[in-house]
Amino acid sequence: MGYLSCKADSAIAIISTTPSSQASSSPSTSRTKQEKPIKIRQFNYSDIEAATDGFSDQKLLGKGSHGCVYKAVLRGRHVAVKKPSKDLEIGQEVDNEIEILSKIHSPRFVNLLGFAIDTKDRLLVVEFMSNGTLYDTLHSNSRPPNWGRRIRMALQIAKAVDTLHSQNPPVIHRDIKSANVLIDRNFNARLGDFGLALRCGVDDDYRLKSTPPAGTIGYLDPCYVTPDNLSTKTDVFSFGIFLLEIISGRKAIDVGHSPSSIVDWAIPLIKKGKLGAIYDPRTVPLKDPMIRKQLALIASKCVRSCRERRPSMKEVVDWLAALSKLVPLHSWNGFNNPCMMVETMGRPAELRNNQFGSRPQGDGEEILEGIYGKMGRKSVMDTRRVYSDLGFRSNLMELMAWTDAETDGLNLV
Ligand SMILES: Nc1ncnc2c1ncn2[C@@H]1O[C@H](COP(=O)(O)OP(=O)(O)OP(=O)(O)O)[C@@H](O)[C@H]1O
């Protein structure tokens, strides 16, 4: 079928449900003993069309900048179907997601189950996550998760990112954010949306060198300004923003607050020792002040302006694992979670057609104005991807310059 390139060393098994596709696409015979084959199924496009009632609004789970996501049942299994918009760049993201996820599988990812193609469209079939995104859970839920749950979710995503970074060569996700963290039926956080992910560390990799910086405003590492600035520490920065979001319940960029950037707001407070001010007031405070401090410190270290001094994701995993042992999990304290979906239904109406807009147009200056609300926009900027050259870098560098000095003197116990 010529859609997935299967290298001899990969362990992919493509199972076809269409008579036309060939079982010969499977290189599973060449896999080594340790590798488990990843079964990627090629679905019949018309079967998916039927299972989504012709991509009807009733089956719509949500919209992102890349297209729409629908709920379906395929072969008795609940799945999410990603239907990208017809845009060349988006089409490349879909191919990329297939390429990355057909080689790595993890219980910490929203895994790829299969795909479908017809003459004009291609669809991705991924695992269905019945409890929505962490973004919705944190920002649209009157009963957000307790501290035990939050730390565990942060740890699960840290492990997911570490799994990517531990590949050979490492994979960099480039779009870590709460909107790309989905919550499964057991309330485990899973990392999704690998459309921007890139393999790095291959010296002669033309693709890596020619791919412009991309990510989401508010989470984007200000050091990442040219293709060769990409490193695993780019993800560490975004993870730090994500952790501040989990701690505070505040959005990465929120033009309704001043300062609107979570880094600009939280780090000076951490610096002054005003930790109580950054913790989400909707949740009963963490009892142990040492744990409060450690958690804030991990986030601060991740967003250091000097990327060499940011921790590795492995270190972050170790620190969060130690903290999570000290904070009891209890049960989810948000059983009326509006993000929870009934298996047979789409998303609650108020969460459909939500805040996710299209990519911002314009140069870095315009985008920067958007970030700081100078244009008076009230739209949520933090979930939008940016592909432009990153003209706002220097401002962010200034904002964060002091973080290095501040976190140098602080040590995790
Ligand atoms: N596997 C899934 N299971 C259940 N719901 C999902 C799944 N994937 C996505 N969704 C829902 O669809 C919405 C849109 O997802 P999508 O990945 O297209 O965009 P996004 O990541 O939120 O934004 P962007 O594309 O701008 O990064 C999500 O907010 C989520 O509510």
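The values are calculated or read from the model by the stated rules, or taken from the named source; none is laboratory data. Small disclaimer: the values here were computed from a predicted structure and weren't measured. We place every Cβ from the backbone using ideal geometry, glycine too, and count neighbours over all the protein chains shown. Ligands, DNA and RNA are stripped out before the accessible areas are found, and what is left, the full protein with its side chains, is counted by its heavy atoms. Shrake-Rupley method; radii C 1.70, N 1.55, O 1.52, S 1.80 Å.
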Please count how many residues of region 149-187 are at positive phi and either surrounded by fewer than 21 Cβ atoms within 10 Å (Cβ to Cβ) or in a helix (DSSP H, G or I) (or both). 1
Which residues, counting only those in region 95-109, are within 13 Å of the ligand (Cβ to nearest atom), at pLDDT 95 or above and of a type in the set (D, E, K, R)? none
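Considering only region 262-287, how many residues are of a type in the set (A, V, I, L, M, F, W, C), modelled with pLDDT of 95 or more and either farther than 24 Å from Ala160 by Cβ or more than 20 Å from the chain's Cα centre (by Cα) (or both)?
Taking region 262-287 first, the residues of a type in the set (A, V, I, L, M, F, W, C) are 262-263, 265-267, 269-270, 275, 277-278, 284, 286.
Filter once more, so that each one left must be modelled with pLDDT of 95 or more: 262-263, 265-267, 269-270, 277-278.
So of that shortlist, the ones also either farther than 24 Å from Ala160 by Cβ or more than 20 Å from the chain's Cα centre (by Cα) (or both) come out as 265-267, 269-270, 277-278.
Selection size over region 262-287: 7.
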Could you please tell me which pairs satisfy a Cβ distance under 8 Å, a separation of 6+ or placement on different chains, a first residue in region 102-117 that is over 12 Å from Phe128 (Cα atoms) and open to solvent by 10 Å² or more (accessible area, probe 1.4 Å), and a second residue that is of a type in the set (D, E, K, R) and part of a loop (DSSP other than H, G, I, E, B)? His105/Lys36
Of the residues that make up region 288-303, is at least one modelled with pLDDT under 95 and not in a helix (DSSP H, G or I)? yes
Please tell me if Thr234 is within 30 Å of Asn141 (Cβ to Cβ) and touching a Lys or Arg at 6+ places or on another chain (Cβ under 6 Å). no
Just one of the numbered conditions (1) away from the ligand (no atom under 16 Å from the Cβ); (2) part of a loop (DSSP other than H, G, I, E, B); (3) free of Cβ contacts under 8 Å to residues at least 24 places away in the same chain is not true of Trp265; which one? (2)
Positions within region 193-225 being touching a Pro at 6+ places or on another chain (Cβ under 7 Å), open to solvent by 30 Å² or more (accessible area, probe 1.4 Å) and more than 21 Å from Val263 (Cβ to Cβ), in sequence order: Arg199, Gly201, Val202, Lys209, Ser210, Pro212
If I go through region 68-93 residue by residue, how many of them are open to solvent by 10 Å² or more (accessible area, probe 1.4 Å) and modelled with pLDDT under 90? 8
Applying the selection to region 110-130, what residues are assigned to a loop (DSSP other than H, G, I, E, B), at pLDDT below 95 and out of contact with any helix residue (DSSP H, G or I) (no Cβ under 6 Å at 6 or more places or on another chain)? Thr119, Lys120, Asp121
Flag for Thr133 being out of contact with any Phe, Trp or Tyr (no Cβ under 9 Å at 6 or more places or on another chain) and either modelled with pLDDT of 95 or more or open to solvent by less than 20 Å² (accessible area, probe 1.4 Å) (or both): yes
